[in-house]
Amino acid sequence: MPSDDSSLQILTRRQLLGNVYTGLAGVGLMQLLTECGTAAETEWEPGRGKTHHSPKAKRVLQIFCPGAASHVDLWEHKPSLDKWHGKPLPGEEEFLSFQGKNGNLMKSPWPFAAAGQSGNKISSLLPHMAEHVDDIAFIHSMSNASNTHGPACVFMNTGHPTEGFPSAGAWLGYALGSENDNLPTYVAIPDIRGEPPNGKANWSNGFLPARHQAIMMSDQQPIRNLSRPAEITESQETATKQLLERLNRKFADANPAETDLQARVDAYALAAKMQLSAPEVSDLSRESQATHDKYGTGDKNALKAGYGRNCLLARRLLERGVRYVNLYCASRASGVDGLLNWDAHKTLKADYERHCPIFDGPTSALLNDLKQSGLLEETLVLWTTEFGRMPTHQLDTAGRDHNADGFTCWMMGAGVKGGTTYGATDAFGRRAEVNPTTVWDYYATVLHLLGFNHTGLTWYHNGLNRRLTDVHGTVITDILT
């Protein structure tokens, strides 16, 4: 293959890429083999890898339960619901929620039980998660700007109810960069049942450079196209990568403000490295049978087994230095409410007795492994959902409608004061009443634990210095060590 640049002038960029598309999967190999690539020349340097103050956490595991998991049936005990069961919600007898009129107050179908030395009460549906209450800081006074699943999920992940904004994981990748050089900085693990409401917008890079978007990776859907096609020799692939590397470098030098090409070059460089690393990290057969039994990866319930395998994958990614892992338990809504996610409009009891066993054991196993290995000391674990459920039953059903005015999220791990609760909804669980908390407060606290002042982590976009917490947010100091 000719090596002088003059020979390249007879080809347009479009023609060249049209002829060598089969080699694109590993275009970054040249960058991998050279010490000074274009990434080092064009990536932002001020603050990269640095923090505003000493961090407590180095990485994040965010467990997300799409469909709006009910706070009054899982995490926040409301004795008044037992006492007032079957009576109208005082002052809101005619309230119209997301799907219309509500019936009377409905107690939880399951008892709550005190757990741990803290005595915090959680649902008897979650016996394995009860083992962790002394490590968890519950925030019982969350609220969301939307009571519709898609916008609410996006808001809970990005701090904005509309698409097009970076997710929390993208912000962290932008702020800190990678802790390893052969795996993504940010990984999203969709549930075996499918993607959450609004899909990939939940782990988007938004207006940040494209390299900060999460890589989708799960046990049921391995990363595709990591291997070289059999009909292409190693020398052909190497020559193609070298040629494209020279073209990309020349274009990047001539157009320093063009970030899309650089992001693609970075992505291909990572793809080349992942040809070796991804098969290893996703090979769950390397784990012992005792570990598989603990996570339930062989459970006769295929959904529990699938989620268990994804929990095990999440642990392996965190062990290898992935900065941010989004782990989903359930997916988007289906034609039958509550079948694929936690959206229990009509049959709360049957739905949650389906979902809780899937979530409970594997999640507990993951948390136990993080704690026993010492990884929890520098990992921040988040549990989130888009909103809660009404304390009443939906009219003519045995389920609950959407409630964005009060619900529970929690944190545990690095820098978090375990065995605590912050805030509360009212006596019935209808609205956040004590220390009302926003998504922005939640992420201001997350960024604080990661070493950042949330007002100082910004990206200039369309005339504004944008940030994860918009123009809001207060650190919840009461739950910090």
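Bear in mind these aren't lab numbers, they're just calculated from the coordinates by the rules spelled out. This one's a predicted model, so the numbers in the text were calculated from it and none came from an experiment. Quick reminder, even Gly has a Cβ in these numbers, built from the backbone with ideal geometry, and neighbours come from all protein chains shown.
Below, the figures for the structure above:
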{"read-out": "Candidates per trypsin sites (Lys or Arg not before Pro) in region 311-402, loop by DSSP, up to 15 other Cβ within 10 Å", "value": "ARG320"}
{"read-out": "Centre separation in Å (Cα based) which lies between region 56-79 and region 292-341", "value": "15"}
{"read-out": "Distance between region 350-386 and region 132-158 - C-alpha centres, whole angstrom", "value": "16"}
{"read-out": "Region 299-355: C-alpha gyration tensor shape, a/c 1.5 cut-off, then a/b vs b/c", "value": "prolate"}
{"read-out": "Cβ-based exposure ranking for SER108, SER331, SER288, in which fewest neighbours within 10 Å come first", "value": "SER288, SER331, SER108"}
{"read-out": "Interchain or long-range residues, amide H under 5 Å from ASP191's placed H", "value": "TYR328, ALA330"}
{"read-out": "Segment VAL434-SER373, length gained on full extension (0.36 nm per residue, minus Cα span)", "value": "18.4 nm"}
{"read-out": "Surrounding net charge for ALA130, when Lys and Arg each add one and Asp and Glu each subtract one, Cβ distance under 14 Å", "value": "-3"}
{"read-out": "Using a Förster distance of 22 Å, the FRET efficiency for SER124-SER334 (Cβ separation, nearest 0.05)", "value": "0.25"}
{"read-out": "³J(HN,Hα), Karplus 6.51/-1.76/1.60, whole Hz, each residue of region 383-395, x for Gly, Pro", "value": "10, 9, 8, 6, 6, x, 10, 5, x, 9, 8, 5, 3"}
{"read-out": "Sorted by Cβ density within 10 Å, fewest first, the residues SER141, SER235, SER80", "value": "SER235, SER80, SER141"}
{"read-out": "Least to most buried among LEU375, LEU74, LEU96, LEU380 (fewest other Cβ within 10 Å first)", "value": "LEU96, LEU375, LEU380, LEU74"}
